[in-house]
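Trainee: My structure is below; once you've seen it, I'll send some questions.
FYI, it's all coordinate maths here, none of it is from the lab. All of these numbers come straight from a predicted model, not from anything done at the bench. Cβ sites come from the backbone with ideal geometry, for glycine too, and all protein chains shown count toward neighbours.
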Amino acid sequence: MISDNEIIKKIRKGDVRQFESLFRTFYVSLVRYASSFVKDHDTAEEIVQDVFYRIWAGRERINIKKSLSAYLFRAVRNSCLHLLEHRKVVEKHEK
């Protein structure tokens with residue numbers, strides 16, 4: 001089995017297959033996790049896709065010190081919380 005550091009190195013170098021493998025490995029569980037925050041499957045999918053997009057777009061600068069899994073779940077969590085906060089602000093201004 002390949003280590004997180006090796007996966008990160010390959011993705012930094014633009015290894016599309018490794019990135020796709022990472023996506024397939026974590027996508028379902030990340031969507032499920034995001035759904036627990038946003039309570040909407042489509043929105044959860046958008047959040048997870050956006051997290052993966054940002055990882056790929058910034059792959060050369062990605063700096064993951066610990067677990068890749070922990071990084072992904074934290075990124076999804078932060079994105080969900082950001083969206084929920086944004087919704088609260090919008091709702092407040094609409095009143």
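Trainee: How large is the Kirkwood hydrodynamic radius of the chain, in angstrom, based on all distinct alpha carbon pairs?
Mentor: Numbers: mean 1/r = 0.0707 Å⁻¹.
Over the chain, the inverse of the mean reciprocal pair distance is 14.1 Å.
Trainee: Separate question: Please report R61, R54 as a ranked list, fewest other C-beta atoms within 10 angstrom at the top and most at the bottom. If you can, show how the numbers build up before the last one.
Mentor: Values: R61 7, R54 13.
Going from least to most buried by this count: R61, R54.
Trainee: Starting with the fewest neighbours, write out L83, L30 ranked by other beta-carbon atoms found within 10 Å of each beta-carbon.
Mentor: If I rank by nearby Cβ atoms, fewest first, I get L83, L30.
Trainee: Which of E94, E60 has the fewest other C-beta atoms within 10 Å, and how do the rest follow up to the most?
Mentor: If I rank by nearby Cβ atoms, fewest first, I get E94, E60.
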